[in-house]
1. Restricting to segment 27-67, give me the number of residues that are part of a strand (DSSP E or B), hydroxyl-bearing (S, T, Y) and over 14 Å from the mean Cα position of the chain (by Cα).
2. Can you tell me which of L42, L60, L14 is modelled with pLDDT of 85 or more and either farther than 20 Å from L169 by Cβ or basic (K, R) (or both)?
3. From D91, D96, grab the single residue that is charged (D, E, K, R), at pLDDT 90 or above and either surrounded by 15 or more Cβ atoms within 10 Å (Cβ to Cβ) or touching a Leu at 6+ places or on another chain (Cβ under 7 Å) (or both).
4. From the list F131, F141, exactly one residue is aromatic (F, W, Y), open to solvent by 50 Å² or more (accessible area, probe 1.4 Å) and more than 18 Å from N104 (Cβ to Cβ). Which is it?
5. Only one of these is charged (D, E, K, R) and touching a residue at least 12 places away in the same chain (Cβ under 8 Å): D63, D96. Name it.
6. Looking at A53, is it farther than 24 Å from G148 by Cα and surrounded by 12 or more Cβ atoms within 10 Å (Cβ to Cβ)?
7. Determine whether Y121 is open to solvent by 20 Å² or more (accessible area, probe 1.4 Å), at pLDDT below 95 and out of contact with any Lys or Arg (no Cβ under 9 Å at 6 or more places or on another chain).
8. Only one residue in V143, V138, V160 is aliphatic (A, V, I, L, M) and without any contact (Cβ under 8 Å) to a residue 12 or more places away in the chain, so which one is that?
Amino acid sequence: MKHHRILLMFCCLLLVGASSLYASSFNRGIGAQVGQLSSAGLSFYQRLDDTRALQATIGLSLDSNYSVATFLDYGLGLEYQHTFFSTSYQDWFASDLYWFVGVNHGGSAGWNSDATLAQAYTPSVGIGAGFGVEPVFVSHFSVPVSFGYGIFYTAEGSSVVDMLSISFLAQIGVRYRF
């Protein structure tokens, strides 16, 4: 019985070690992303080839306090990522350095308990770009972190200057690559 346990542990170690050797073969990923340009919500990552990838994020929030009001917020983000440096430090750790460009659309609205508008529907759009790093642990788990700048237009305000904003972007995500 003792030999079976040792053999089982050896096979598990061999399997984990072999899976970490092929980090580049995992071209998709699912997880969560938080950022003004990428949106905050569930994300899907698809590698197109060795240097190009797309990431889509969708977020939805419905906050309802039935005696007062109901608020709806949503966001959709799409990013193109281009890797310009990639390295593997050990069999269990790899890292990609990339630049990105992305677009965002979101909106919010609110209703009172008597179905009147508490907050009119306010759409927003944005575009931005920057740089990011994606460390990959044990071939599957990654934590992409990116920084850049974005221009955002929100359809509320008295003038165009009030509706436009230029912002520094800091975004982070967690994903499982497969």
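1. Our first condition is that a residue be part of a strand (DSSP E or B); within segment 27-67, this holds for 28-34, 41-47, 52-65.
Filter once more, keeping what is hydroxyl-bearing (S, T, Y): 43, 45, 57, 61, 64.
Narrowing further to those that are over 14 Å from the mean Cα position of the chain (by Cα): 61, 64.
Counting residues in segment 27-67 that are part of a strand (DSSP E or B), hydroxyl-bearing (S, T, Y) and over 14 Å from the mean Cα position of the chain (by Cα) gives 2.
2. Working: L42 fails: either farther than 20 Å from L169 by Cβ or basic (K, R) (or both); L14 fails: modelled with pLDDT of 85 or more.
The unique qualifying residue is L60.
3. Numbers: D91 fails: at pLDDT 90 or above.
Residue meeting the stated conditions: D96.
4. Details: F131 fails: more than 18 Å from N104 (Cβ to Cβ).
So the residue among F131, F141 that is aromatic (F, W, Y), open to solvent by 50 Å² or more (accessible area, probe 1.4 Å) and more than 18 Å from N104 (Cβ to Cβ) is F141.
5. Numbers: D63 fails: touching a residue at least 12 places away in the same chain (Cβ under 8 Å).
Going through D63, D96 in turn, just one is charged (D, E, K, R) and touching a residue at least 12 places away in the same chain (Cβ under 8 Å): D96.
6. Spelling it out, it is not the case that A53 is farther than 24 Å from G148 by Cα and surrounded by 12 or more Cβ atoms within 10 Å (Cβ to Cβ).
7. Values: open to solvent by 20 Å² or more (accessible area, probe 1.4 Å): yes; at pLDDT below 95: yes; out of contact with any Lys or Arg (no Cβ under 9 Å at 6 or more places or on another chain): yes.
Against the criterion (open to solvent by 20 Å² or more (accessible area, probe 1.4 Å), at pLDDT below 95 and out of contact with any Lys or Arg (no Cβ under 9 Å at 6 or more places or on another chain)), Y121 qualifies.
8. Details: V143 fails: without any contact (Cβ under 8 Å) to a residue 12 or more places away in the chain; V138 fails: without any contact (Cβ under 8 Å) to a residue 12 or more places away in the chain.
Exactly one residue qualifies, and that residue is V160.
The values are calculated or read from the model by the stated rules, or taken from the named source; none is laboratory data. Since the structure is predicted, the reported quantities are computational estimates derived from the model, not experimental observations. Positions of Cβ are generated from backbone atoms using ideal geometry, with glycine treated the same way; all protein chains shown enter the neighbour counts. These accessible areas exclude ligands, DNA and RNA; they are computed on the full protein's heavy atoms, side chains included. Shrake-Rupley method; radii C 1.70, N 1.55, O 1.52, S 1.80 Å.
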